[in-house]
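Rule-based calculations on the coordinates, nothing more; no lab input. Being a predicted model, the structure only gives us computed values, none of them experimental. Positions of Cβ are backbone-derived with ideal geometry, glycine not excepted, and every protein chain shown enters the neighbour counts.
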Amino acid sequence: MGTRDALRLGSIAQIHGLIGRPPPAHPLISVIAASWQEPLRIEIPIIGRPIESGLYVISLKRGDECHAEFGRQVHDGQAGIIVFASPGQVITPIGGESELAHEGEGWTVVFHPDALRDTPLADAMHQYRFFGYATHEALHLTRPERETFTGLVRQIERESSVPPDAFAPDVLSAQLQLLFTYCQRAYARQLEVRARAGGVAERLDRHLDACFASAAQVEGGLPTVRSCARALGYSPDYLSDLLRAETGTSARDHIHRALIEAAKARLLASDASASAVAYALGFEHPQHFSKLFRQKTGQSPGEWRRAAKGPTTRRETSA
């Protein structure tokens, strides 16, 4: 079943209708928690059906609960995790309808982008990169973290359970921002643990070496954060954040460093022009290569080659 057959959900009211809940008190945000609310009543079959949502989703799953398939990855929430989804993402619930109706001790916060309109949080959403992570890069919580998160979500539930007044946008925005900040802190801990294990930068280096050594590089174009992330099995944002935790540099900076090193090797190995080297590395426009090379080295490709070969040439002449 393709995305053309996906069930499209663009409002909180649609979500409530799908799970057998009354219309929401707040039209733009809701907390769904079968553990302390009434059990869900799934009104239409959704198991195995792609769902494309126009909403932000933050969902805590614990125990043997409903699994979800994001893209080609199936995530099993046995350990207690938080998964995130942003508007436009397609998810596919898998399992049984009874599993969806009894979510153990989990909860889900769903909110429409318009809930943040005219608030400082609307302009800050780009900082919360975990909304771009894949589900197998979910946030694994410690018990104290889970208790803290659940307490915050209960506050959001109380605020969103009454009709909004003039203060509601600012209150809900502040509550969501606090929740997101705790998510950042917990992810920083998780990324640090995984970074200490190492290996991601080395895997990326091997992938980039293979890219630049391949004759197909010219046709394939330059490696990008997205293409490298796909090759290593990560989402682009998670790969960059994991590399930053491991090496202090982003994925883009890592790719540029490898690109410049490959360019230097080619410049030293032959007398090919800078344009020829640029095309060989996959650049469509040689001037972009020259600009990047100068940004990273302080010299043009030709200047760098003359400086690098100069001492060798003088020794050979004197010999």
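A simple packing score, the average count of other Cβ atoms within 10 Å per residue, orders the peptides 197-203, 130-136, 111-117 as 130-136, 111-117, 197-203, with the highest score first.
Evaluated on the range 200-314, the Kirkwood hydrodynamic radius is 14.8 Å, with distances taken between all distinct Cα atoms. Listed by chain and number, the lysines whose C-alpha is less than 24 Å from the C-alpha of Lys296, apart from same-chain residues fewer than 8 away, are Lys264, Lys309. Think of the range 184-246 as a dipole: +1 on every Lys or Arg Cβ, -1 on every Asp or Glu Cβ, centred on the Cα centre; then among Gly199, Ser227, Ser214, Gly199 lies furthest on the positive end.
Under the convention that each Lys and Arg Cβ holds +1 and each Asp and Glu Cβ holds -1, the size of the dipole of the range 200-314 around its Cα centre is about 420 debye. Computed from the C-beta positions of Leu178 and Gln287 and an R0 of 41 Å, the FRET efficiency is 0.30 to the nearest 0.05.
Residue ranges 174-186, 296-308 sort as 174-186, 296-308 when ordered by packing (mean number of other C-beta atoms within 10 Å per residue, highest first).
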